[in-house]
Every structure is written in structure tokens, then in C-alpha cells.
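Chemist: The following block contains the structure, expressed as C-alpha cells.
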Amino acid sequence: MNINELMQQLGVAPATLQGGTLAVRSPIDGAQLACLREHSQAEIDAMIARAHTAFGQWRTVPAPRRGELVRLLGEELRANKDALGRLVSMEAGKILAEGQGEVQEMIDICDFAVGLSRQLYGLVIASERPGHRMMESWHPLGVVGVISAFNFPVAVWSWNTALALVCGDPVVWKPSEKTPLTALACQALFERALKRFGDAPDGLSQVIVGGRDAGVQLVDDPRVALVSATGSTRMGLEVGPRVAARFGRSLLELGGNNAIIVTPSADLDLATRAILFGAVGTAGQRCTTTRRLIVHTEVRDELVTRLKKAYASIRIGSPLAADTLLGPLIDRAAFDAMQGALERARAEGGKITGGERALAQEYPDGYYVTPALVEMATQSSTVHHETFAPILYVMAYTTLDEAVTMHNAVPQGLSSAIFTNDLREAEQFLSAAGSDCGIANVNIGTSGAEIGGAFGGEKETGGGRESGSDAWKAYMRRATNTINYSRALPLAQGIRFGDD
Ligand code: UN1
């Protein structure tokens, strides 16, 4: 099925895909898929205004009714899982299984949000005053601006949108300029759900087609109550202070530099499989990708031998072929960044296996690589940086304290894991003095988190949490209410103020 047929099936008219200035290319072979018209400043302003007006109405709709819209969105996603997953593969380059997995993540968060729409509860708190009741209420916050990256082009929108909608907030979405087609498809599916829902206000979900300036406009607009931004630390460094300067709220999901510690008692079969998925899956382009391996000296050689064997047998090719495990990098810039990181690692003493360009004859404009394993003597400066590519740095340790120190020495703090069958080691890793990441796992890898947990990390990762647990609270405002049902007016702290 070609791109026009696929888009049509997902509800986007092919005529809207041509005639603009934003060229969209498939990482599979570099072919141009579309050339989209970009929104002007005035159009973006009008979108935010529409969302702001929608907020006034949507916030008064009972949350369980708002949940019904998200339930319908989930139904549309279920019915279109194959098509949307395929589009993700074509536009972002991830293999079909992962494209579909991403859509499944969207379905999961819709289910979660529907349940949440009948919760959104606050606390009742003991009041110190007789005849008083104190409680907290959670109210809709306002317009949510979503800025997302190419690597999870649809799931990140859905984590934010499913929660925002049940919380009573409209969404204005600025997807990556590398993946706007998947965004248009999501919007079309959302509109189908809206039609079935009936009486929703106009402007509950809108997509901005544009580049950096469009993102800046969204970030700076005071009508946008929350900016949820996923991308590089560099991007977050700009977004965070800009939103803070106008006292807006931000939710940042930035870079990761995720490590797995492998201890002498680890099940090496399990570890090898987890490392392979974590380091090579999605061509190393997840924020949760495993980038560092910290292995005990006793098992280091054995594990590296196993990994080299597994790396050598990985099937590289078009993400649309059923047996491919490693698809292309997103573009040439990603390939150049990978080569730059490998050169620096080599200069720092790294011993590199793999990391070369692959399939260049077949796909001169597609950037396929063999995954790189880089044995490092120390955790040198290159290892402290996140490079969005399948590069795994391998370092050895002798004591667990040393491993944890090395683990926490990088500036990012997203995801982490330990492979061990020793309860003490596992608990130490999960303890207050263990991994400093937002996600810490035992005997499973760093990537592929479920939506039920809060997702996000510390330090340069930005501190935001989205998806499950109580991440919904970021999309609402909290009001503390004290109600006096007595006939007296006792003051808190026992203060007497002019009465007898
Ligand atoms: C991302 O790479 O931006 O845990 C998100 C995971 C996925 C989400 C990744 N559920 O790998």
C-alpha cells in the first residue's frame, strides 16, 4: 500500500499532502512522502484561541463523559492499529512490530484514562477547627501544548492527550517536523471519535504543522497552561526556562543515558536478550535505549562474547520486512552524529565492533548501520553524552558500590536496570542509595515500560512524569477547600482577632 492509500484509509485526504514547504521523507529509502503546508503564526494563534475557548466548555463536562471521548478514540485506534503502525514504520523507520507496539501503547493509555475519568480524586484532610471540613479538589488546568519527537511519533501524543482530555484540557500538538504525517493521521482518527461522541466543543485537539518557530510560539503563549515537551536535553534547556519565565507549567521528558548493571549471579541468557532489545531495538532511538553496560569483571568476557554473537546475527533491513530487527536511523544527521560519537570514543581508547554503514548500495538515501559495541576502559566523556543511535558502551566493575557510582555519574537519569539473582544486590540498586533514575528495574531491560507506571526521569532528563500512576495531576490544578458548617468563626492557629 502506498502512502496516499494508507493516509486515505486513516482519514487524511491525499490532496492535503502536497504543495507545501515541509518535505517529509521516509528514513527507509529517503523518498519524499509528502510536502506539507506549514501553519502561519496567525493560524497558530487562532488554534490556541480556539483551544482556549474549548477549555471554557470542556472543563464543565463531567469527567466520566469526557472519558467517553477517550474510549471512542481507543476504539478508533484498535480498528486502525495495523494501518497506523505501518505509517509509523514508514515515517519513523521502526520495524512493524514496534510500530504496532507503539499503537498498542496508545490503546493502553486510552483504557487507563477512561478508568481514570471516574477517579481524579483528592483527599479529605482533618481540620483543626470544629465544624469545619477540609478537602482538596482537582480541576482542569487549561490548554496543554504537546511537543513531541520523531522516535515515538504517536504514543507520546496519546499519553498526553488521553490524560489531558479526561482532565478537562484541550491539546495543541506540535509534532516533530520529521513525522507530521502520523500526527495528521492521529488527528483524523480523533475526529472520527469526535463525530461519534457528538457534542464536544470545537478545538479539543489540534495539530500544528511547522518547525522550531511554531514550537516557540506554543511555548511562549500564556494561554497554554502546560507545555509537555519530549526531546533532547538541549531542547528542554530552552523550553523549561521560557515556560517558567511566564509562570507556566512544564513537563519535560528529555535525554536518557540508560545503563544495565550485570552482576556475577545474573542469568546471562536473560541479560543478553534484554540488552539486545534495549540497545539495538528502535535502532537505538528510544529515550530508554540501553546505552551503557556496566559488567562485573568475572562475567564481562563471557557476556561480551555472547553479545558479539547476537549482534552479528541481527537482521538489518527495511522495517517493513517481517523478519527485520534493525531498521534505519532517522536521517543522515543521525548517522553523522553516530559516526562522530564513535570517533570520539575511539580517540578515548574505545575498542569498537560494528557501527558501520550498511545497505548503502540498496538504499543510497537510507542510513542503515550495524549496531556498535564499544569496549571502554573507563566511563570517558563521550559515554556521558546521549547519541541517538545503536551504540552500547561496555565498562567493567569489581564492587557493586563502584558500579552504582559509575551508573549515577552521568548527567541524565531516565531508566536503569540490574541483572542479578542476589536479593541484596537487587535491593541495594533499588534503594535510596542506588539508581538515581526515574525508572529502575531488576532482571528486565531499560526500555519498553508499561503505561501503568509513571514515566520520566531525573536530572537532565527533566523531572517530568507522564502516562500512568498519578501523572494526571500535572494536567490539573489543585484547590484546597475549607468549609465551615458551624455558626462560629474559629481562626486557624487559635488566633483571636478582635472578638471578645
Ligand atoms: C521515548 O523513547 O520517548 O519505555 C519513550 C519505552 C517506551 C517509551 C519510550 N514505552 O521504551
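Chemist: Does Ala310 satisfy the condition of being of a type in the set (A, V, I, L, M, F, W, C) and on the phi > 0 side of the Ramachandran plot?
Modeler: Here the answer is no, as Ala310 does not meet what is asked.
Chemist: With respect to the numbered conditions (1) within 16 Å of the chain's Cα centre (by Cα); (2) surrounded by fewer than 24 Cβ atoms within 10 Å (Cβ to Cβ), which one is the sole condition not fulfilled by Lys94?
Modeler: Here Lys94 meets the rest and fails (2).
Chemist: Additional query: Enumerate the pairs (first residue in the stretch 479-498 and more than 15 Å from Gly131 (Cα to Cα); second residue anywhere and surrounded by 10 or more Cβ atoms within 10 Å (Cβ to Cβ) and of a type in the set (D, E, K, R)) with beta-carbon separation below 7 Å, excluding pairs fewer than 6 apart on the same chain, so at least 6 apart or on different chains.
Modeler: Ala479/Glu136; Thr480/Glu136
Chemist: Within the stretch 280-333, which residues are over 26 Å from Thr405 (Cβ atoms), within 16 Å of the ligand (Cβ to nearest atom) and among the small types (Gly, Ala, Ser)?
Modeler: Listed by number, the residues that qualify are Gly281, Ala283, Gly327.
Chemist: Within the stretch 454-472, does at least one residue satisfy the condition of being of a type outside the set (S, T, N, Q), out of contact with any Gly (no Cβ under 6 Å at 6 or more places or on another chain) and away from the ligand (no atom under 16 Å from the Cβ)?
Modeler: Yes, the stretch 454-472 contains a residue that is of a type outside the set (S, T, N, Q), out of contact with any Gly (no Cβ under 6 Å at 6 or more places or on another chain) and away from the ligand (no atom under 16 Å from the Cβ).
Chemist: Okay, moving on. Give the residue, chosen from Arg192, Arg196, that is within 21 Å of Arg86 (Cα to Cα), among the charged types (D, E, K, R) and in contact (Cβ under 8 Å) with a residue 40 or more places away in the chain.
Modeler: Among Arg192, Arg196, only Arg192 is within 21 Å of Arg86 (Cα to Cα), among the charged types (D, E, K, R) and in contact (Cβ under 8 Å) with a residue 40 or more places away in the chain.
Chemist: Which residue is nearest to Lys94 (Cα to Cα), if the candidates are limited to the stretch 352-384 and must be in contact (Cβ under 8 Å) with a residue 40 or more places away in the chain, part of a loop (DSSP other than H, G, I, E, B) and not acidic (Asp, Glu)?
Modeler: Gly366
For every residue, the table says whether it meets (1) over 20 Å from Ala83 (Cβ atoms); (2) within 15 Å of the ligand (Cβ to nearest atom); (3) in contact with a strand residue (DSSP E or B) (Cβ under 9 Å, 6 or more places away or on another chain); (4) β-branched (Val, Ile, Thr).
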| site | (1), (2), (3), (4) |
| --- | --- |
| Gly145 | yes, no, yes, no |
| Ala149 | yes, yes, yes, no |
| Phe152 | no, yes, yes, no |
| Ser158 | no, yes, no, no |
| Leu165 | yes, no, yes, no |
| Gly168 | yes, no, yes, no |
| Lys174 | yes, no, yes, no |
| Leu181 | no, no, yes, no |
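Chemist: Filter the stretch 221-266 down to the residues that are among the hydrophobic types (A, V, I, L, M, F, W, C) and part of a helix (DSSP H, G or I), then identify the one that is nearest to the ligand (Cβ to nearest atom).
Modeler: Going through the qualifying residues, I end up with Met235.
Chemist: Somewhere in the stretch 481-499, is a residue within 24 Å of the chain's Cα centre (by Cα) and surrounded by 15 or more Cβ atoms within 10 Å (Cβ to Cβ)?
Modeler: The answer is no, given that none of the residues of the stretch 481-499 is within 24 Å of the chain's Cα centre (by Cα) and surrounded by 15 or more Cβ atoms within 10 Å (Cβ to Cβ).
Chemist: Given the conditions (1) free of Cβ contacts under 8 Å to residues at least 12 places away in the same chain; (2) in contact with a Ser or Thr (Cβ under 8 Å, 6 or more places away or on another chain), report the number of the one that Ala126 does not fulfil.
Modeler: In the conditions (1) free of Cβ contacts under 8 Å to residues at least 12 places away in the same chain; (2) in contact with a Ser or Thr (Cβ under 8 Å, 6 or more places away or on another chain), Ala126 misses (2) alone.
Chemist: Oh, and also: Pairs please, first residue from the stretch 20-41 and farther than 23 Å from Val219 by Cβ and assigned to a strand (DSSP E or B), second anywhere and at pLDDT below 95 and acidic (Asp, Glu), Cβ atoms under 8 Å, 6+ apart in sequence or on different chains.
Modeler: none
The values are calculated or read from the model by the stated rules, or taken from the named source; none is laboratory data. These numbers were taken from a predicted model, which means no experiment stands behind them. Reconstructed Cβ throughout: ideal geometry from the backbone, glycine too, with neighbour counts over all protein chains shown.
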